[in-house]
1. Work out the length of the dipole vector of the chain about its Cα centre, built from +1 on the beta-carbon of each Lys and Arg and -1 on the beta-carbon of each Asp and Glu, and round it to the nearest 20 debye.
2. Using unit Cβ charges (K, R positive; D, E negative) and no other charged atoms, how large, in debye to the nearest 20, is the dipole of segment 4-168 about its Cα centre?
3. Per 0.36 nm of contour for each residue apart, how much would the distance between LYS236 and ILE256 grow if the chain were fully extended, relative to their Cα-Cα spacing?
4. How big is the accessible area of ILE211 in square angstrom, nearest 10, if you roll a 1.4 angstrom probe over the protein chains?
5. Please list, in order along segment 256-269, the HN-Hα scalar couplings obtained from phi with the Karplus expression 6.51 cos²θ - 1.76 cosθ + 1.60 (θ = phi - 60°), rounded to whole Hz, x for Gly and Pro.
6. Per residue of segment 193-202, what does 6.51 cos²θ - 1.76 cosθ + 1.60 with θ = phi - 60° give for ³J(HN,Hα)? Whole Hz please, x for Gly and Pro, Karplus curve as stated.
7. Lysines near LYS236 by alpha-carbon distance under 24 Å, same-chain residues fewer than 8 away left out - which ones?
8. With a 1.4 Å probe and all protein chains in place, put ASP40, ASP172 in order of accessible area, largest first.
Amino acid sequence: MVSPKQLSELYRQACEVDVQAFKPGNVSVYAEGHDMTVADFRASAEVSAEPLCNPDYSLGEKIYYAVKATREAVGCNTNLGIILLCAPLIQAINLKDPELTLRQAVNKVISETTVEDADWVFKAITLASPGGLGSSDQQDVNEKASVTLTEAMKIASPKDRIALQYTTDYQDIFNFLLLRYNASLDRWGDRNWAAVSAYADMLSQFPDSHIERKYGDQYSEMIATKMAQLSEELSKTDNPEQIEPLLFCLDQELKIYGINPGTTADMIVATVLTAFLEDLNQ
């Protein structure tokens, strides 16, 4: 069993990659934005780590108390998506026996969620108050849950890529992002640039559901085209730092329009954490 202290440290490291990686449109050490700072994200990682990694909490409690701690620390929604994605991974690593892969253990966690888990998560989402959420005819988060967390995520999945992971055994992470992250890590030996590469690859092929909740699909084609260009440039260089001028231009352009690919950024954190957890078992 992995200790809570070790898990907390791995989670914080994954969150630190998030701010160290120059992912255009997101808050990073290169450029802040969207009324949030790097300090907000670092404080959020610090205070959410303990409840997320508390072995005595259920999955729903992990998520709620991590969101509550974040809200009390920074007063805004910096990490709801990160928490929703990382909680099952953290829960899974301590359920895992030697016969199970991490992905199989995640599947076990998700298949066993309860209505109580859903209730905790509904309270967490209401507390975080994410942009563009609105109300829903089915399983509105402002009301009491009547289905399991996994069933609630299935209802939300057509409009939310984080919810989609709960219904596909983290398909985007295990089948797409992790492969690209690891390939770039092998190539450059740098976690931060590997994260940038995976982020660009994801956005070049899949729209960001945070953006589409706010703006519909009006920016989707433009983002996909620009991220495909970025992926192409990254694929050709042995020194990704040479791409920084392009990243500054792209970051500024996205932020002028108020575009924040926040869902994709959250998935990168979960991808980095997944890579760390898989390394524990090798």
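1. Numbers: 23 positive and 41 negative charges, 26 e Å.
Dipole of the chain, to the nearest 20 debye: 120 debye.
2. It works out to roughly 300 debye.
3. 4.4 nm
4. The accessible area comes out at roughly 10 Å².
5. Result, rounded to whole Hz: 4, 8, x, 8, 10, x, x, 5, 5, 4, 4, 5, 5, 4.
6. So the J values, rounded to whole Hz, are 6, 4, 5, 4, 5, 5, 4, 5, 4, 5.
7. Within reach: LYS23, LYS226.
8. ASP40, ASP172
The values are calculated or read from the model by the stated rules, or taken from the named source; none is laboratory data. Quantities reported herein were computed from a predicted structural model and do not represent experimental measurements. Backbone-built Cβ (ideal geometry, glycine too); neighbour counts: all protein chains shown. Quick note on the areas: whole protein, heavy atoms, side chains included, nothing else; ligands and nucleic acids left out. Shrake-Rupley method; radii C 1.70, N 1.55, O 1.52, S 1.80 Å.
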